[in-house]
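Working notes, structure below.
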Amino acid sequence: MNRQRFLVLHVIGGVILSILLFGFFRVPPISPLTANLISNPQSQQTSTKLPSPPQLSSQTGLTDPQELEAFLDQFFAEQMPAQHIPGAVFVLVKDGKLFFSKGYGYADLEKQIPVIPEKTVFRVGSISKVLTATAVMQLVEKGKLNLTENINHYLQHFHLKNNYSQPVTTTNLLTHTSGIDESFIGIAARHKTEIQPLENYLAKHLPPRSLPPAKVLRYSNHGFALAGYLVEVISHIPFAEYIDKNILQPLGMKHSSFLLEPKLIFDMAVGYQYKRDRYQQLPIVYTNDIPSGAFNTTAIDMAHFAIAHLQNGRYGNERILQENTVQEMHQQHFTHHPQLPGQTYGFCERFENGLRALEHDGHIAGFKSRLFLLPKQKIGFFSSYNNNEGTFHNELISQFLDHYYPESENVDFQEILDLKIDREKEKEREFYSFSLVGKPLISHSQNKSHSFTGNYRYIRYPHRSIEKLTVLLPDSPLSTSEFKVTTKIDGTLVLGKSHLVEVEPMLFKQFEGSPVTFQGITFPNVAFRENDRGQITHLFMGKYAFEKLAWYETKSVQLSLLGFCIIVFLIPGSAWFVKIFKKSCDQQLLRCLFTLAIDSNSITHFWIALANLVCGLNLVFIISFILMLTVMDLSQFVYGMPRIVMGLLWIPLLSASLTMGLPIFAVLVWRYQYWSVFARLCYSLITLAAWGFMGFLNYWNILGFRF
């Protein structure tokens, strides 16, 4: 019996040993992604979906227009009331044909005019840029425009200042990498008759370059306006006329134009904003940067345009671009990191559910739109609605793809593998070690992980003009665009509620918590960039770039500095208040508060008067500026700088000139020991605050006339 038992145990032990040896020599190491799922099974639900191998399915994609209508009816019925959308339109094309179109709600609430896909005109904002890029590629195709040539070689009446060694090319314009600064003052006109010719507008309002080209993707309206101007210069035809002749007419887009013609205005949907529990009608905004955002169209016309791009430039018997030109246009031409979506000529890349999509959104007062293409599937749709806000289109795309192209039925898996660099083996070999339970250990870069920590600001804000101040304004979209990155002891990063682990150099993936959200889009994967000295300079979420801030540039520090200055500037006024209303007050208190009333010396009398004047001017400017921003509608700045603001800007210039003398007098009062020690400290404090305030004004481009 014992012998049999021994034999059984011997056999079992041999089997186990064989399995262990086989596993040791043959089983590959656990990959970071697999280990992460072992330790964090729910991360699969919260992170960006990675491509999965295709599985067989009885139904994949769109097959039935009626089923699509049922899906859309439910979506629009839920989302329109929730996001206060008066009217919307949706059109989808497939395999070169119109597959489905439908209008929802009202184009005009007051008149109860319904949205009709064939008739209702929507303002599509920045979708205009796709048409501009198409026009540029037509000229490239004809050999009239070189994408890599310095654009100044084509400009005649003005030039873009070459303040960097590398010139700006048309490729830079089409990929938003020109480095041209952001600006919105004077970008629009109140009336159609006030619209400036494109050449005149750009010659006067084109912002300077604040970044070298081809380094960072920073969305630029003026960059695309300049691209449209190149079309005008090279073709010797006004831009809107060129588009009509070479794109709209061949595609049969009879209800579309870059110009607001009377027939279009008659059929145009009314733009609204939902404010104070009611819909408010917004006036028509006439933009001066026409190629960037002035296009007006119907859903059916946009279907024609989508078909042309999905059919490699062909619509019916007409062709607006050759096949190889469209393919070049749709290729990725810039990305912040090989593992992140990038920019084509005119389109933005989007990767979701393992599919590669090309898209562009549009936003203009009272309207939001989206053009979305799946080139491999020959499917595209256009949607627009007449409300100023909302995340409607991101919800629509996500639900549409989840419903018709779920990740498990991914038909584009091989394309994603071809487009993206496969570095899984590198990651397993070089970059990460995982414990048996899948918890990430210290990465190769933990010793420098602290370099990632800090505050990062969304790079799309005016760097060189007074509009930079919009970063601090609570009602500005830029006011919430600052992210803070911290480091945990194990070398992982924390960004918001997301915990990130480095999966390859400068690329981090969410493995715990919630994905980072920006502008209604989730980004579980983020990338960083370092300069030649090894210092981290940027954070990237898809196409969005964030610049790392110095400690003194953060909003908290800047607002604290402003608060400190205001308190100090109130010191002289407080002393006067005490003297007037507290006549029995001890004179020593007045000396401590430091005011002109306590000094009879004619020399120091002037020094004190100067400090009081500086404090008074600064307080007047701060109070007046805050009241102006509170009372004024900031959207009025798109029509030009208001005169009241230009008048106010003289105050800090006067104050700055007076502030120059304060340090000299501050040194003298200490050297000759005028007044009490506390009074001298007050004078020094006022001097420090005055210079700090000048630094604050200069940082935000308020010192002088910078617009």
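Any read-out appearing in this document is the output of simple, stated calculations on the displayed coordinates, not a laboratory observation. Just so it is clear, the model here is predicted, and its values are computed rather than measured. Please note: Cβ atoms are built from the backbone with ideal geometry, for glycine as well, and neighbour counts cover all protein chains shown.
Points worth noting:
- Sequence ranges 82-88, 676-682, ranked by mean other-Cβ count within 10 angstrom, highest first: 82-88, 676-682
- Close amide H partners of Y272, meaning residues 5 or more places away or on another chain with modelled amide H under 5 Å apart, are L282, N387, N388.
- The trypsin sites (Lys or Arg not before Pro) of region 251-291 that DSSP puts in a loop, and whose beta carbon has at most 15 other beta carbons within 10 Å, are K254, R276.
- Region 316-333 - phi-based ³J(HN,Hα) in whole Hz, Karplus 6.51/-1.76/1.60, Gly and Pro as x: x, 8, 9, 9, 9, 8, 6, 4, 5, 5, 5, 4, 5, 5, 8, 6, 6, 10
- Overall size of region 243-320 from C-alpha positions, given as principal axis extents largest first: 50, 24, 22 Å.
- Other residues with beta-carbon under 14 Å from the beta-carbon of N150 carry, at +1 per Lys or Arg and -1 per Asp or Glu, a net charge of +1.
- Given K192/K245; K161/K376; K119/K144, the pairs whose alpha carbons are separated by over 29 Å: K161/K376; K119/K144
- Under 13 Å, Cβ to Cβ, from V121 - net charge with Lys/Arg +1 and Asp/Glu -1: -1
- Neighbour net charge for P197 - beta-carbon separation under 15 angstrom, K R +1, D E -1: -3
- For region 660-672, putting each phi into the Karplus relation 6.51 cos²θ - 1.76 cosθ + 1.60 with θ = phi - 60° gives couplings of 4, x, 4, x, 4, 5, 5, 5, 5, 5, 7, 5, 9 Hz, in residue order, rounded to whole numbers and with x for Gly and Pro.
- Between the amide H of G496 and those of K484, distances stay under 5 Å, these residues lying 5 or more places away or on another chain, with hydrogens modeled in the peptide plane.
- Here r is the Cβ-Cβ distance between N146 and T537 and R0 is 30 Å; the resulting FRET efficiency, rounded to 0.05, is 0.45.
- When peptides 129-138, 142-151, 96-105 are sorted by average Cβ neighbour count within 10 Å, with the highest value leading, the order is 129-138, 96-105, 142-151.
- Amide proton proximity set for Y286, modelled H, under 5 Å, gap of 5+: A189
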